[in-house]
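What follows is one structure encoded as C-alpha cells, with my remarks underneath.
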Amino acid sequence: MFIAGYAVVAGAAERLMLGYDSFGNICGRKNSPVIGAPLSGQDMTNKKYVFFLNSCNLEMQNLEISSVSLCVSSCPQEQLNSLEDLQGFARINGSSLCVYNLNVSSYTLNPKASELCPTLPVPPSKSFPLFNRCVPQNPECYSKYASALINVVNEMDALHRILAGILAGRDTVIGLSVLSLAFSFIVVLTFTFIRALLIHTLIALVVFGLLFVSGVLWWLYYDYRNDPSTELETEKENIKFLLGYAIFSTIVTVVLLFLILVLRKRLQFTVQLFQMVNKMISRIPFLLFQPLWSFLILMVFWVFWVAVLLSLGTAGSAQITSGGHVEYRTVSGIHYMAWYHFVALIWTSEFILACQQMTIAGAVVTCYFNRNKNSPPRHPVLSSISVLFCYHLGTVVKGSFLITVLRIPRIFLLYLCNFLKQKESACAKCLFKSCCSWFWCLERCLRYFNQHAYTTAAINGTDFCTSAKDAVFILAKNSAKIAPIICFGNFIIFLGKVFVVCFTVFGGLMAFNYHRELQAWVVPLLLVAFFAYVVSQSFLSVFEVTVDALFLCCAIDMETNDGSAEKPYFMDQELLSFVNQSNKLTEEPKPRSMKPLQDNEDGTELQPMT
C-alpha cells in the first residue's frame, strides 16, 4: 500500500497515456500549475494532440526531443507556408500552433512570432492514436521524425518500453480479457451439459488451437526476423520473445497431443465423472455464480495494479529549465519498486483464487457430510464465505504465498535464460532452463496439495500446516483409489483452460501484429495470456475444486465408515457405484487409523483425521 500511495502521489500516468507539452501541461485534461513555469496549469481538455514546432528537424537530448511541443486541438491537414496561413488555421479550426502566450491576432505583428511559432513551412500532419502525436505526412519530414522517435525508444530502458507497450495496447488488452471471459463461459457450459460429443468437440478444438497458435508464432518469428526494416529495440525484443513463445508452444502441443492420444479410451469415464460433479453442483447452484464475483474482484485489482505500475513509471519531479520549460526526472530506484509491485500482482491474484477455492471446498464439504440428502443445508456458499473470513484467511494467505515463492524464482530464471542467450552462454542457459522446469513441477505439485489442504481445513477446521499434513496422509493412503479419478478429471479441466488461453492468445496475435511499430507488444501479449489463464482458472476451478473435494471426502468417508448399518457412508448409492465401477475399490479394507465420525443432530461434523 505504501508503494501504491507513493506511485499515485508522485506519478502521473496521464503523461504516458495522453502526452504532454514542454511547459508541464498534460494534453487532454485540466492541469495544475508548476511553480516557476508561467505557461503551466492550463486547461487542455479540448487539446488532445502533441504538436512539435520543428517536426522536420527533431533532435534528441537526454531521452528528450529538443523541439518545443504544444497541446493542440487538431493537426494541420494541409501545408502552411506563412504566418498568415497559421493565423487562418487557428481562426478556422480553433487550433493555435504557436506558443500559448502569443495571441492569434499578433501572429503577423509580433516581431518574435518566428521564434514562438513553428518553423515554416509547416508540413501536413495526421494525428497518430498510438501516441497522440501530430505525425508529419511529408516523406522527408516523416523520415526525420520517425528517426528521432526510434532513437528515443531505443534509448529507453526495458521498463519504459514495457510501459509504452502496455499503454499502446491497453484497449486491446481489455478487449482480450473480456474475450477470455466469453471463452470461459463456453467451457463452463460445456462441462455443465457435458456429453461425449461435447468432450470430443472440446478436445478437437484444443488440438486445433494448439497447432494453429504454434504455427502462427513460428510464422511471425520468421516474418519479423526476415524483415529488413527492423530498427527498433522493441522489434528486436519481439523477435526474441516470439522465438521463446514458439518453442514453448510447440513443446506444450507435443506433450498434450501425446497425453490426449494415451487417454482417448477413457472419454466415457470422463462423462460419468462430470455427471457426478454436476449432481453435486446442482445441490449448490450458486457455486456457478461464485467465479463472477472472483472475476470482478480480479478485474478491479488488475486495473488498480496497472494504474499503479504506470504511475511508478512516471514518478518524478518537475525540473524548470530555460525559457520556462518543464522536464520530468525519474526517481532513482524505481525499478526495485516495480519488481516488488510485480510480486504483489502474483501473490494477490493467487490469494483471490485461493479464497474462491476455499469457498467452493467448504460448500462441497457441507453438502457431502449431510445425512439428509433430501434436505440440503441452507445457504452453504454464504456459510462457507463467513467461515473463510472468520477462521481461514491465514490459511489462504500461506497457501498463495507458497505458490508465489516458487513462481518468482522461475520467472527470474527465465529472465536469466534470455540474458544468457544474448551472451551466448549455452551451458549456463541449459542449467537455468532445467532449474526452471523443476520449479514448474514443484509449483504444480504444491498447487495440487494446497487445494486438498483447503478441503481438509474446511472439514476439520484446522490451520494450514495441519491441514496440509492431513491431506498428504489421506492422499498417500488412498492414492490407488482416488488419484486416477482426480488426475484424469483435472486433465480434462486443464484442457478447458488451454482452450481459453489458446484462442485468447490467437486473438492477441492477430490484434497486436497490426501495430508492430514503436511497441513491445509481446509483453502485453504475455500479460493477456496471464489474464486469460487466471480468468479460466477462476471459472473452471468450480469443477476442479469440486472434483478434488468430492473424492477427498469419499476417501475420508471410506476410511471412517464401512457402509454397515452402524457406520453408513455419507455418499449416495450412485456415487458409490461410480467409484466401484472405476475399479478403485479392489483392495481389502485396511485397518482403520482414523477416528469415526461423530454425528450431531445434522450429521455434518467430523473429528480431526489424526
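What follows is calculated from the coordinates using simple rules that are stated; it is not laboratory data. The shown structure was predicted, so the numbers you read here are calculated from the model rather than taken from an experiment. Quick reminder, even Gly has a Cβ in these numbers, built from the backbone with ideal geometry, and neighbours come from all protein chains shown.
The label-point distance for GLN275 and THR45, in a model that sets each label 7 Å from Cα toward Cβ, rounds to 6.4 nm. Between the beta carbons of ASN101 and THR192, assuming R0 = 60 Å, the FRET efficiency works out to 0.35 to the nearest 0.05. Using 29 Å as the Cα-Cα cut-off, could you pick out the over-long pairs in LYS47/LYS112; LYS398/LYS567; LYS398/LYS497; LYS48/LYS240; LYS398/LYS477; LYS497/LYS567? Flagged as over cut-off: LYS398/LYS567; LYS48/LYS240; LYS497/LYS567. If the segment from ARG29 to TRP293 were pulled out straight at 0.36 nm per residue, it would be longer than the present Cα-Cα gap by 91.7 nm. Maximal additional length on extending the VAL255-LEU211 stretch stands at 14.6 nm, based on 0.36 nm per residue less the C-alpha distance.
For the stretch 97-125 versus the stretch 349-363, the spacing of their alpha-carbon centroids is 62 Å. With the simple spin-label model, which puts each label point 7 Å out from Cα in the Cβ direction, the SER82 to ARG444 separation comes to 7.5 nm.
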